[in-house]
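Inspection log for the structure reproduced underneath, given as structure tokens.
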Amino acid sequence: MDPCSDQPERVSARRVRVRLEGVLDRDQIDQLRPKLLDAIDRLPRRGELLLDLVEVTECAIAACRALALVQRKVRASGARTAYLTARARIHGAAWWIVHASRDPHAMPVIHMDQAEQWLQGDAQRLDELHARSTRAIERARHRCAQEGVER
Amino acid sequence: MTGPQLSLPKRLAARALHTALQLTCGGSRLEVHEEAIVALGWRRFLELSQNAFLVLKMLKERYGEIDAQFIIGIAAMWNGCGYCGYGHALTGALLTFRDHGRLHPLDPHVLAELLPLESDDAMVRLAELLADDRDASLRRLIARMYELRAGRAVPETTDDHVLDAALQTWTWYVECSIVVGLTIQPEDAFCPGHRVGRDKALLARYRHARASRAVVAR
């Protein structure tokens, strides 16, 4: 199926959703780029972009590079982005894209609750990752220490 | 991706770390250290390293060194990173081979087969691979870590919190390791931060044993 058959869809006043499928290559992303950027331009300040990659089965490195370039444009618009994925390989591609774009407001996610939380939040990605890791370690160390005392 | 823009002191520091890891652990990728220093800055780079150390310590104390390596490898794999995923799986597999004379069912090539699958299918396959009684504890921990990651459970027990710490920390790590982790091949895996990677004779014996078993299986 042609992944560009899904046009960027304005799902609310603030949000654009794009659903891609199958094997992504650079040509497909290049075709999508003007439509996507146009849709982003029409969003109000601090808009939301949901890239639904759940049905994507492969993403070539050239497609990742092309998406990173698109994401840099999105960064300039100030919109927040969530990359929704269902396969580890595609999740890795999403990490590569958000990292390469240097967009602090883009994040890979694995379910819609996470996507909503990210899109409606204010945090920057690197701050969020740091906070989650540090918080989880503090809790784990506290629990381990408690367990040690109880023994 | 454009290469990282590093000042001379940062470039020298990244190269020093790379050289030290090559000498002590038998492998390293300079671009991961450079990328981490550029993306995170010094302070956060050191905090990430400290967090990774704390998680590894907790996992080792609780589950032993071998399962600690596999837990980290699987946490990284869910994020699509071969650099950490293959590397920690290879470390666990080499330690199992060295200490127990056994070929562990998880190996970089096995993880490479799981990466393209839908996550639920990959988890089913993982459970099948770890069906042996000797892997029961690791099977249980990985299944629980998957539930936590998928948002189907929230951390309740101490085990849960330790697994969640591994997940969150190796999600942060992947932010930088993915520069190599997306394209690295399983045969190019090395043991990140573990001295067993320096034992090239062990690695050769392990690869020979694995290849021989594959021939027998055919």
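Bear in mind that the values in this text are calculations on the coordinates, not laboratory data. A quick note: this is a predicted structure, and the numbers were derived from the prediction, not measured. Reconstructed Cβ throughout: ideal geometry from the backbone, glycine too, with neighbour counts over all protein chains shown.
Quick notes on this one:
- Rg and Dmax, both from the Cα atoms of segment B:52-165 and both in Å, are 13.0, 37.
- Cα-only radius of gyration and Dmax that characterise chain B, units Å: 17.1, 53
- 3J(HN,Hα) along segment A:22-33, derived from phi through the Karplus expression 6.51 cos²θ - 1.76 cosθ + 1.60 where θ = phi - 60°, amounts to x, 9, 8, 10, 4, 4, 5, 5, 4, 5, 6, 3 Hz, with x in place of Gly and Pro.
- Semi-axis lengths, largest first, of the ellipsoid equivalent to chain A are 32, 18, 13 Å, with √(5λ) applied to each eigenvalue of the Cα gyration tensor.
- Distances between placed amide hydrogens fall under 5 Å for A:Gly22 paired with A:Val56, A:Thr57, all partners being 5 or more residues away or on another chain.
- Helix A:61-77 axis, angle to chain A major axis (alpha carbon atoms, nearest 10°): 90
- Farthest positive-ward along chain B dipole, Cα basis, beta-carbon charges - from B:Leu126, B:Leu54, B:Leu115: B:Leu54
- Sorted fewest first by neighbouring Cβ atoms within 10 angstrom, B:Trp170, A:Trp118 come out as A:Trp118, B:Trp170.
- Rg(Cα)/(2.2 N^0.38 Å) for the protein assembly as shown, N = residue count: 0.99
- Segment B:86-129: trypsin sites (Lys or Arg not before Pro) in DSSP loop, at most 13 other beta carbons within 10 Å: B:Arg102
- Along its first, second and third principal axes, ordered by size, segment A:1-71 spans 32, 21, 15 Å in Cα coordinates.
- Relative to the current alpha-carbon distance between A:Lys73 and A:Met112, full extension at 0.36 nm per residue lengthens the span by 11.6 nm.
- Tilt relative to chain A, helix A:88-101 - C-alpha long axis, 0 to 90 degrees, to 10: 80
- Candidates A:Ala62, A:Ala106, A:Ala140, ranked by Gaussian network fluctuation over chain A, Cα under 10 Å, top entry: A:Ala140
- Separation of alpha-carbon centers, segment A:61-125 and segment B:149-212, rounded to whole Å: 23
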